[in-house]
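The values are calculated or read from the model by the stated rules, or taken from the named source; none is laboratory data. If you're wondering where the values come from, they're calculated on a predicted model, not measured in any experiment. Methodologically, a virtual Cβ is constructed for each residue, glycine included, from the backbone with ideal geometry; neighbour enumeration extends over all protein chains shown. Calculation scope for accessible area: heavy atoms of the full protein, side chains included, ligands and nucleic acids excluded. Shrake-Rupley method; radii C 1.70, N 1.55, O 1.52, S 1.80 Å.
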Amino acid sequence: MNQLGFMSYVYMGWSAEAMAEDARNQGMTYVQIDPKQAMQVMEDQPFSLTRAEKIRTIFESKGISVIGLSGYTNLMNPNLQKREAKLEQLEKMIDLCSVYGTRYIATETGSLHPTNAWRDYEGNRTPEVWEQLLQIIDRLRNRAVKQGAVLLAEGFVNNVLATTEQAKDMIERLGTEGLAFIMDPFNYLKQEDLNRQPEAMAKMFDHIGEFCPIAHAKDTLYAAEGFTTPRVGAGQADWNVYAELLARRMPEVPLILEHAKPEEVADCLTIIRQSFANVEASWGVTNTGDA
C-alpha cells in the first residue's frame, strides 16, 4: 500500500516533537507542513529559514520526511488588496520549500464568494475568471520554478478549479514546469457521482493522475447542510475504490491524512489499511481464478 503521512494541522496545538512522535508510533512516515502553524518552535518568526531547518530536523529525527508545504489561500479573493497580500505570503512560503526539504507546496484556488472561500459563486464559472486564475497560477508556478519547487493546485467542487477536466486544461495551457496537482477525489466528487464512484474516480485519475506527486486521505459528504469533506470514514466515498486506483496507478505516491483530530487518527488509518487489504484480497481471488 501507499506510504502514509499527515497534514500538520491534524495535530493543531501540539509541538513539532509531540506530533512527530505520535505520527511515528502510528506508522506514518510523511508530513505536509503548514509553515504558519504554531509548533512551539520560533513561533514569532513563521517564515524564518532557521525555523524551517529546526522543524525539518525534528521530523527527520523521528523518521518522518516533509513531503510538502501547505500554502493554502484563496487565490481568487474578491478583495484585491487582501488577495495580493496572500499571494505575496504564498510566495514567501514557496521560497521555503528547499529549506524544509521538499519541492512541493499546495494551495486551493478559491472562490469569488464575498465571505467564504469554500462556497460556490456564480462568477466562479465565467471564462474571464478562469483566465484570471490561470494568470495567478502562472505567476506562482514561475516563482516556484526559480526556487526549484512545484506548485500543487488542489481543486474543489465549489472553487474556480472545480473539476479534473479543468485541471487537465490548466496543465495543457501552462505546462508541467513548476505545476502539478493533488490527487484528492473527495474534493471533486459531485453528488451525482456517488452512485458511480468507480467510473467517476477513474476519470479523475485519467485526467490528472500522472501529474500528482501527493494524494490526500479524507471523505466526501453531501448532507442537508451542503457539501463537506470530513475525516476518513465519516462520509459517502467508497474507500475500496480509491485504494484500488492508488494501488494500481499511483503506488509510490504518499497518502496524506487530513481533516482528522488526533484522537481520530488511529481509526482513520485502520480504515485506510483495511481498504488496501481488501484490494489485495480481491486481487488474490482474481489471480487464483485466472489460474
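Here are some notes:
- Taking GluC sites (Glu not before Pro) across region 189-291, the ones in a DSSP loop with at most 13 further Cβ atoms lying within 10 angstrom of their Cβ are Glu225, Glu252.
- Computed per residue of the chain from DSSP H runs no shorter than four, each worth -39500 (n - 2.57), the mean residue ellipticity at 222 nm is -14000 deg cm²/dmol.
- Global geometry of region 107-194, whether rounded, prolate or oblate, following the gyration tensor of its Cα atoms and the 1.5 cut on a/c: prolate
- Maximal additional length on extending the Glu91-Thr163 stretch stands at 23.4 nm, based on 0.36 nm per residue less the C-alpha distance.
- Gyration tensor (alpha-carbon) shape descriptor, region 172-291, a/c threshold 1.5: rounded
- Global geometry of the chain, whether rounded, prolate or oblate, following the gyration tensor of its Cα atoms and the 1.5 cut on a/c: oblate
- Cut-off 13 Å (backbone N to label point 7 Å along Cα→Cβ of Thr126), residues of region 79-96: none
- Hits among aspartates and glutamates - C-alpha to C-alpha of Lys62 under 17 Å, sequence gap 8 or more where chains match: Glu17, Glu21, Asp22, Glu53
- Length gained on full extension, Glu177 to Gln40: 45.8 nm, using 0.36 nm per residue less the C-alpha separation.
- Backbone phi angles across region 19-30, fed through the Karplus curve with coefficients 6.51, -1.76 and 1.60 (θ = phi - 60°), yield HN-Hα couplings of 5, 5, 5, 5, 4, 4, 5, 8, x, 9, 10, 9 Hz in residue order; Gly and Pro are listed as x.
- Cross-link partners of Lys86 among lysines (Cα-Cα below 22 Å; sequence separation of 8 or more within a chain): Lys36, Lys146
- When DSSP beta bridges are restricted to pairs lying wholly in the chain, around 10% turn out antiparallel.
- Counted charge near Met12, where neighbours are those whose Cβ lies closer than 10 Å (Asp, Glu -1; Lys, Arg +1): 0
- Separation in nanometres of the label points that stand 7 Å from Cα toward Cβ, at Arg273 and Met12: 2.7
- Hits among lysines - C-alpha to C-alpha of Lys203 under 21 Å, sequence gap 8 or more where chains match: Lys168, Lys190, Lys218
- Solvent-accessible surface of the chain, averaged per residue with a 1.4 angstrom probe and all protein chains in place: 44 square angstrom.
- The gain in end-to-end length when the Thr228 to Ala281 segment is fully stretched comes to 16.0 nm, 0.36 nm per residue minus the alpha carbon separation.
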